[in-house]
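K.L.:
I have a structure here, written as C-alpha cells, and I will follow up with some questions on it.
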Amino acid sequence: MIKTVELTKIFRTEEVETTALNKVSFEIKEGEFVAIMGPSGCGKSTLLNIMGLLDNLSSGEYYFVEKDVSDFSEKQRANLRKRNIGFVFQNFNLIDELSVFENIELPLIYLGMGSSERKKRVEEVLEQMQIMHRRNHFPLQLSGGQQQRVAVCRAVVAKPKIILADEPTGNLDSTHGDEVMNLLETLNKNGTTIIIVTHSQRDASYAQRIIRLFDGQIVTEDKAAEFVLASTTA
Amino acid sequence: MFIHYLKTAYRQYKSNRFFSLINIIGLAVAMAVCFIIFLYASHEFSFDRFHEKSSNLYRLNTEIISPGQTINSPITSAAMGPDMSEQIPEILNYTRIQTGGDVSVFKDDEYYSFSNALVADENFFKLFSFKLVEGNPSAVFNEPKSVVINKENADKLFPEGISPVGQTLRINDQDGWMVTGVIEDCPANSHIQYDILTSFATLEAIGQNVYEWDAYISFNTYVLLDEDFDMEVLNKKTKDLTWEKVNKQLEQYGAKIMLSYVPITGIRLHSNLNYEMAETGTITKLRWFLLVAIFILFIAGFNYVNLTIASSNKRAKETGLRKVVGADKPMIRKQFFLETIIITGISFLISLLIAELLMPQFNMLLALNLSLATTPIWFYGMAFLIFVIFFGMAAGLYPAFYMAKFQPAHILKGDTWIKPGNFSLRKLLLTLQFIVSVGLIVCTLVVYLQLNFFRTQDYGFDHDNLLAMMVGGQTNDKDSELLKQRLASYPWVESISRCSSFPGIMEYQEGFEFEDSPNPMIVHHMQADRYYLETLKASLIDGRFFNAEDGTELESAVINQELARRVGWTDPVGKTLTRNERRFRVIGVVKDYHFESFHNPVAPLVITALGHRLPYTGFWVLIRHDQKASSEVIPAIEKEWRSLFPDRAIHYGFISQIMGDYYEVENNFGKLFLIFSSLAIIIAMLGVLGLSALSARQRMKEIAVRKVLGASAHGIVKKFSYEYVILILVAAVIAIPLAYYIMDKWLAGFAYSISFPYWTFAAGVIISGAICMLIVSIQSLKAISQNPVETLKAE
C-alpha cells in the first residue's frame, strides 16, 4: 500500500538547513494498523504529511498504492489524496464556520458527488458514529471528544483506503481517547489501513506494528504487542 | 458546490462583521459615486444625439478676426445659412435660431414668465427632431407673429379641452401673437433649450436686415450636410463664399470672418466659445469626475485586496483543510472569486440606495435632472457588469490566487503564513492609497482657493447693494427716466443711473476706428448717464466723466485703460474715435473694472453719453441702495413699477448675484469635487482602519511580550505608527509633483488665478498623516489595553 525508499525531507531557510527525515525506508501493507512513535521533532508529522500527499519529499522514492508519486504535481497529489486518504488531526481541524453535517460533507463535495448521495453517505456515518443528534451544531458547540468524532466521520465518509491520524487523542481525556481509538480499530477491522502518529503507548497498543523514529531515522520496527510488553516489563 | 460556497461566504461575513462592513461600506460608497458619475457621463455623451439626423447636423462657428483681437463664437448673421445652402451643394439645408432670454407672456390679463425664448425659422423641424404635440411642423413658423409654446406652459396657459392652437397672446408689449403649435418639453440633453419659440418671419416683417452677412450677427445657424461631404472641400468653398460675401469688404480694415463647422453632437462636451446658449465644454468637468471615480473605485478595490490578504491568516487553516479533504487550487480560487462577487454584488445593491440618496444633491449642484427611476435598464446591466463582474474579478484575483497557494502541510502545522509587517503588496497598495489621498487633498485645497479667489477679488467697482431694473418696450427711454425719477426720491437710494449695459450684462459690441491707429477694433460699447460711474463706485484715472444733462454730450466718450493700452494711446484724453462717421472725443479714462467674469481678461470698453439710441439694447436703471435699508428696496421698486407700468412684468436683479452666477458652475463643481474627494479620502482611511485593526490583532502576542518586558504604551504606538509614517512620506514624494502638474495646468486655464499655494503640499501630507496616525494609535491602544497574561495564554 505504502512504500518508501530512502525518503529524505530537508527544510531550508535562508540560513538554516534541517534534515527532518533521513533516508527513511519502510513498507505498510493494505489493512495494517501502524503506529509511528518517537520524541518531539523526530520527523513523525513530516512523515505523515508526506505519506498523506500533503507535502513533497526532497529525495528518495515514495510509492502510494503501487504508484511512484515522488514527482507528482500538486494537482495529481490532490486528486489521489481525495480518493484514497482520510485525515484525523490532534486539534480536530474542523472548519468553525461549517456545521457538523457540512464538515463531514466537505470531502464528498470535492469528489463531485450529487447532493442526495452526499446526504445519504453523511447520515450513514453520523448514525454509525452516534452523533446524528449533533448534525446541525457547529464545532465550537461540541466537546473535544465530539469534535474528534466528527473529524473521524469526515475522514471516513469518502470511504478512503487509508486513514492517517496525527496524535488523534492528544487533546482528549482518556475516556474520549479510547472511544476514538476504538473507532479507528473498528475501521481497521473493516479493512481500512490506519497509520497513526502518537506519543501515547496506550494508543500505540491498538496498532499491529510500531515504527520508531529518532532524529529523522527509523530506529526500530516492532510488533506493537511485543513493544508494549517490553516497555511495561522494563 | 455553489450553495456550499454561498453558505461559507455568508458565515465568513457573519464571523468577520467589522471587516466585512468596512469592505461593503467602502465598495458601496465607491460604486454609488461611480454610478452617479457614469450616469452623468452617459447623460453628457447623449447630448443632441436624439436628433434623427444628428450625425450630419453641424453648427456654424464664426471667428471674427480684427487687428489685435479675435472673437470666437457660434453667432452668425441670418443671411449666412440661406446663401451657403444655395451655393454650396454639400449643404443640404439650414435653420437659424436666435435666443431671446426672458419674455413675458400675457393671456387676457394673466401674466406668465418664460425664460428660454427662441426665434426659429421655417426649417427648424426639418433639421431637428423636436416633436410638435399640436400644429403642422412645416407651417408653424411660416407667418409673422407665430408662436409655439412648450407643453408644460401650454397646459398652464390653457385649460384642458381648449386647444392652444389659434389662440392669441401678448408677448412683452406686443399684442396679436398667434399660437400655431405646441411643442414637447425640451429634452434635458439638448444644447438648445426653449420654452417658447417665435417665428423668424416676424423679424423679416418688421424690416430687420436679415439679408446682409455683416448685419445683426446674433443668430445660431445649423446646417445639414451631405452624407459624403469632404470637410476640406467644404471649408474651401465656405472660405471662397465668405470672401465674396463679406471678407472682400472687410479686408480694408484688416479684418475678416472665418466660418467653420462643428458637429452638433460635440457642442456640449467640447465647445468652448463665447456666447454659447447653455453650458458647454463639460468634458473638462467630466474628466475630473471620471478621474475621481476611478480613484475611488481603486481605493475601495485596494481596501478589499488588502483586508482580504491581511485577514488570510484566519482563512489559512480553512483553506489548508479544504485542500486536505480534496479541494484543488481551481476549487479554492473559485470559492474566493465567488466570495468577492458576493461582496461586490451586495455592495452594488447598497450603492444604488446610496446613489438614490446622493442624486438630488448632485442634480442640484450640476443643474441636472438625473434619476435612477428613468435610468435605462441597459445602464444597470452595464453597471452590474462593470462593478460586480469585472471589478469583482479584478479585486478577487489576487486574494484568490494567494489563498490557493497555501500549503496545507505548513498551515496545519500551525505556521503563520503571513508574517506581520512583512509583505510588500500591502505596502504598495497602501502607498497608492496615500498617494491618492495626499494628491486629492492638495487638489481640493487648490480648487477651493481658486474659487475663493473669484469670490473675494476686487472687481474694480463695488458690486454689493447694487440693483438693476430692465425697462423694455418702444418707449423705454422715456419710461426709464420716469422710473429713475420716482425711485430717486427714496431716502435709501444713494445713487441712481440709467444705462444701456452694466457689469454682468454687456452684450453689445461695435467696430470703431481710432485716431493714430491704422486698425479698427470691435469693442464693447455702452451708453450711460452722468451718474453711472458714481453709482458703480468705479474710479476715473484721467480726465472726467459726463457731467451734463442727458443728450448734451453726444460727441464725448469715456474709455477704459485696456482700450487705451490696445490702441497704444499713452495720453488718451482728447483723442478721437469714429463709428459710422460719428466722431467721439475721449474726455476721460476709467480704471479697468471687471464687467465680465474673471474667466476673461478685462476687454476694451467705450462708454458714450445717453442720447442717441444704440440698436438692440434696452434701458436699465441702476440703483445703489443703503445696505441698512435692504429689506425696503424690493417692495418699493415693485410698488413703483406697478404704479407706472401695471400691465408689464418686472425684471430686476442684484449685480452681486448676476456676477456670482458666472461662478456658479465652478462653485458647484468645486463643491462636488470636495464631496467626492472627501469620500475618496474616507474610503482610503476606512482601509487604514481595517488594516491597522488587523495588524494590531495579529501582533497581540508581540504587544503582550513587549508589555511584559516593560515597554510603554507610547513606545508601542510609536513603533506601530512608524511604518505608516514611512509610507505616507513615500506617497508624498510621488503625489506632490503629480498634484502640482495637474493643478498648475488647471490654474493656467483661468485668465486670473492664484499663484500656486505650495503650502497645500504640506497640508496634504499633514492631514493624511494626522488622520492615519489617529486611526493607528486608537487601534494600537486598544490592543495595548488587553491584559498581556490573557493574550499570552490564548496564544
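K.L.:
Which condition from (1) in a strand (DSSP E or B); (2) within 27 Å of the chain's Cα centre (by Cα) is the one that B:Val436 breaks?
P.N.:
The one condition B:Val436 does not meet is (1).
K.L.:
Yes or no: the range A:30-52 includes at least one residue that is charged (D, E, K, R), surrounded by fewer than 14 Cβ atoms within 10 Å (Cβ to Cβ), part of a loop (DSSP other than H, G, I, E, B) and modelled with pLDDT of 90 or more. Before the answer, list the steps.
P.N.:
Initial filter on the range A:30-52 (charged (D, E, K, R)): A:30, A:32, A:44.
Then drop every residue that is not surrounded by fewer than 14 Cβ atoms within 10 Å (Cβ to Cβ), which leaves A:30.
Subsequent filtering for residues that are part of a loop (DSSP other than H, G, I, E, B) retains A:30.
Checking which are modelled with pLDDT of 90 or more leaves us with A:30.
Checking the range A:30-52: at least one residue is charged (D, E, K, R), surrounded by fewer than 14 Cβ atoms within 10 Å (Cβ to Cβ), part of a loop (DSSP other than H, G, I, E, B) and modelled with pLDDT of 90 or more.
Let's see how each residue does on (1) more than 23 Å from B:Leu425 (Cβ to Cβ); (2) assigned to a loop (DSSP other than H, G, I, E, B):
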| site | (1), (2) |
| --- | --- |
| B:Val262 | yes, no |
| B:Met277 | yes, yes |
| B:Phe289 | yes, no |
| B:Val292 | yes, no |
| B:Ala300 | no, no |
| B:Arg315 | no, no |
| B:Pro330 | no, no |
| B:Gly345 | yes, no |
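K.L.:
Quick check, is B:Val606 surrounded by 19 or more Cβ atoms within 10 Å (Cβ to Cβ), in contact with a Phe, Trp or Tyr (Cβ under 8 Å, 6 or more places away or on another chain) and of a type outside the set (Gly, Ala, Ser)? Full working, then the answer.
P.N.:
Details: surrounded by 19 or more Cβ atoms within 10 Å (Cβ to Cβ): yes; in contact with a Phe, Trp or Tyr (Cβ under 8 Å, 6 or more places away or on another chain): yes; of a type outside the set (Gly, Ala, Ser): yes.
In short, yes.
K.L.:
Need pairs with beta-carbon distance below 8 Å; first residue farther than 15 Å from B:His4 by Cα and within the range B:318-330, second outside any loop (DSSP other than H, G, I, E, B) and of a type in the set (S, T, N, Q); sequence gap 6+ or separate chains.
P.N.:
B:Asp328/A:Asn79
K.L.:
Still on this structure, please answer the following. Consider B:Val765 against the criteria (1) in a helix (DSSP H, G or I); (2) touching a helix residue (DSSP H, G or I) at 6+ places or on another chain (Cβ under 8 Å); (3) exposed (fewer than 15 other Cβ atoms within 10 Å of the Cβ): it satisfies all of them except one. Which criterion is unmet?
P.N.:
For B:Val765, the failing item is (3).
K.L.:
Starting from residues that are more than 12 Å from chain B (Cβ to nearest Cβ) and in contact (Cβ under 8 Å) with a residue 40 or more places away in the chain, keep the ones in the range A:53-71 and report whichever is surrounded by the fewest Cβ atoms within 10 Å (Cβ to Cβ). Step through it out loud before you land on a result.
P.N.:
So in the range A:53-71, the residues more than 12 Å from chain B (Cβ to nearest Cβ) come out as A:58-71.
Remaining after also requiring in contact (Cβ under 8 Å) with a residue 40 or more places away in the chain: A:58-65.
On the way: A:Ser58: 14, A:Ser59: 12, A:Gly60: 18, A:Glu61: 15, A:Tyr62: 21, A:Tyr63: 15, A:Phe64: 24, A:Val65: 14.
Here the answer is A:Ser59.
K.L.:
Exactly one condition in (1) in contact (Cβ under 8 Å) with a residue 60 or more places away in the chain; (2) surrounded by 20 or more Cβ atoms within 10 Å (Cβ to Cβ) is not met by B:Asn274; state its number.
P.N.:
The one condition B:Asn274 does not meet is (2).
K.L.:
State the number of residues belonging to the range A:157-212 that are of a type in the set (Val, Ile, Thr), surrounded by 18 or more Cβ atoms within 10 Å (Cβ to Cβ) and outside any loop (DSSP other than H, G, I, E, B). Don't jump to the end; show me each part of the working.
P.N.:
To start, the set of residues in the range A:157-212 that are of a type in the set (Val, Ile, Thr) comprises A:157, A:162-163, A:169, A:175, A:180, A:186, A:192-198, A:210-211.
Cutting the leftovers down to surrounded by 18 or more Cβ atoms within 10 Å (Cβ to Cβ) gives us A:157, A:162-163, A:169, A:180, A:192-198, A:210-211.
Among the residues that remain, those that are also outside any loop (DSSP other than H, G, I, E, B) are: A:162-163, A:180, A:193-197, A:210-211.
Going through the range A:157-212 one residue at a time, the tally reaches 10.
K.L.:
Consider B:Val567 carefully, then state whether it is modelled with pLDDT under 95 and touching a helix residue (DSSP H, G or I) at 6+ places or on another chain (Cβ under 6 Å). Give the derivation first.
P.N.:
Numbers: modelled with pLDDT under 95: yes; touching a helix residue (DSSP H, G or I) at 6+ places or on another chain (Cβ under 6 Å): no.
The answer is no for B:Val567.
K.L.:
In the range A:150-158, is there at least one residue being touching a Lys or Arg at 6+ places or on another chain (Cβ under 8 Å) and at the interface with chain B (Cβ under 10 Å from one of its Cβ atoms)? Give the steps one after another, and end with the answer.
P.N.:
First, pick out the residues of the range A:150-158 that are touching a Lys or Arg at 6+ places or on another chain (Cβ under 8 Å): A:150, A:157-158.
In the following step, the residues that additionally are at the interface with chain B (Cβ under 10 Å from one of its Cβ atoms) were identified as A:157-158.
There is at least one residue in the range A:150-158 that is touching a Lys or Arg at 6+ places or on another chain (Cβ under 8 Å) and at the interface with chain B (Cβ under 10 Å from one of its Cβ atoms).
K.L.:
Which one of these is away from every other protein chain (no Cβ under 14 Å) and assigned to a loop (DSSP other than H, G, I, E, B): B:Gly281, B:Gly266?
P.N.:
Numbers: B:Gly266 fails: assigned to a loop (DSSP other than H, G, I, E, B).
The unique qualifying residue is B:Gly281.
K.L.:
Within the range B:752-775, is there a residue that is under 31 Å from the mean Cα position of the chain (by Cα) and over 17 Å from B:Leu445 (Cβ atoms)?
P.N.:
yes
K.L.:
Consider B:Thr319 against the criteria (1) away from chain A (no Cβ under 14 Å); (2) under 30 Å from B:Pro408 (Cβ atoms): it satisfies all of them except one. Which criterion is unmet?
P.N.:
Result: B:Thr319 passes all but (1).
K.L.:
May I pose another question? Can you give me the ranges of the helices (runs of 4 or more DSSP H) entirely in the range B:365-426 with at least 3 residues that are modelled with pLDDT of 85 or more and within 24 Å of A:Asp166 (Cβ to Cβ)?
P.N.:
Working: elements: B:377-383, B:391-404, B:408-412.
Answer list for the range B:365-426: none.
K.L.:
I need the full set of residues from the range A:96-126 which are aliphatic (A, V, I, L, M) and at the interface with another protein chain (Cβ under 8 Å from one of its Cβ atoms), in order please.
P.N.:
Taking the range A:96-126 and keeping what is aliphatic (A, V, I, L, M), we get A:98, A:100, A:104, A:106, A:108-109, A:111, A:113, A:122, A:125-126.
Scanning the range A:96-126 gives A:Leu98, A:Leu106, A:Ile109, A:Leu111.
K.L.:
Among the residues of the range A:87-133 satisfying the criterion of being of a type in the set (A, V, I, L, M, F, W, C) and in contact with a strand residue (DSSP E or B) (Cβ under 8 Å, 6 or more places away or on another chain), which is surrounded by the fewest Cβ atoms within 10 Å (Cβ to Cβ)? Give the steps one after another, and end with the answer.
P.N.:
As a first pass, look at the range A:87-133 and keep what is of a type in the set (A, V, I, L, M, F, W, C): A:87-89, A:92, A:94-95, A:98, A:100-101, A:104, A:106, A:108-109, A:111, A:113, A:122, A:125-126, A:129, A:131-132.
Filter again for in contact with a strand residue (DSSP E or B) (Cβ under 8 Å, 6 or more places away or on another chain), leaving A:87-89.
On the way: A:Phe87: 26, A:Val88: 25, A:Phe89: 22.
Once the filter is applied, the top-ranked residue is A:Phe89.
K.L.:
Continuing with this model, one more query. Where residues in the range B:17-51 are surrounded by fewer than 18 Cβ atoms within 10 Å (Cβ to Cβ) and not in a helix (DSSP H, G or I), which of them is nearest to the other protein chains (Cβ to nearest Cβ)?
P.N.:
B:Ser46
K.L.:
Only one of these conditions is not met by A:Phe138: (1) among the hydrophobic types (A, V, I, L, M, F, W, C); (2) at pLDDT 90 or above; (3) under 18 Å from the mean Cα position of the chain (by Cα). Which number is it?
P.N.:
Every listed condition holds for A:Phe138 apart from (3).
K.L.:
Return the only residue of B:Phe545, B:Phe461 being surrounded by 17 or more Cβ atoms within 10 Å (Cβ to Cβ), under 29 Å from the mean Cα position of the chain (by Cα) and at pLDDT 90 or above.
P.N.:
On the way: B:Phe545 fails: under 29 Å from the mean Cα position of the chain (by Cα).
Sole residue among the options that is surrounded by 17 or more Cβ atoms within 10 Å (Cβ to Cβ), under 29 Å from the mean Cα position of the chain (by Cα) and at pLDDT 90 or above: B:Phe461.
K.L.:
Let me ask you something else. In the range B:99-137, which residues are in a strand (DSSP E or B) and under 21 Å from B:Leu225 (Cα atoms)? Quick ask: steps written out before the conclusion?
P.N.:
So the first thing to find is which residues in the range B:99-137 are in a strand (DSSP E or B), and the list is B:99-107, B:110-120, B:132-134.
The answer is B:Ala120, and nothing else.
K.L.:
I would also like to ask the following. Which of the residues that make up the range A:72-95 are within 9 Å of chain B (Cβ to nearest Cβ), closer than 13 Å to B:Leu321 by Cβ and outside any helix (DSSP H, G or I)?
P.N.:
Selection gives A:Gly86, A:Phe87, A:Phe89, A:Asn91, A:Asn93, A:Leu94, A:Ile95.
K.L.:
Would you confirm, using the coordinates I've provided, whether B:Glu702 is surrounded by 14 or more Cβ atoms within 10 Å (Cβ to Cβ) and farther than 23 Å from B:Gln433 by Cα? Break it down into steps so the answer makes sense when it comes.
P.N.:
On the way: surrounded by 14 or more Cβ atoms within 10 Å (Cβ to Cβ): yes; farther than 23 Å from B:Gln433 by Cα: yes.
In short, yes.
The values are calculated or read from the model by the stated rules, or taken from the named source; none is laboratory data. Quantities reported herein were computed from a predicted structural model and do not represent experimental measurements. Glycine gets a Cβ as well: all are built from the backbone with ideal geometry, and neighbour counts include every protein chain shown.
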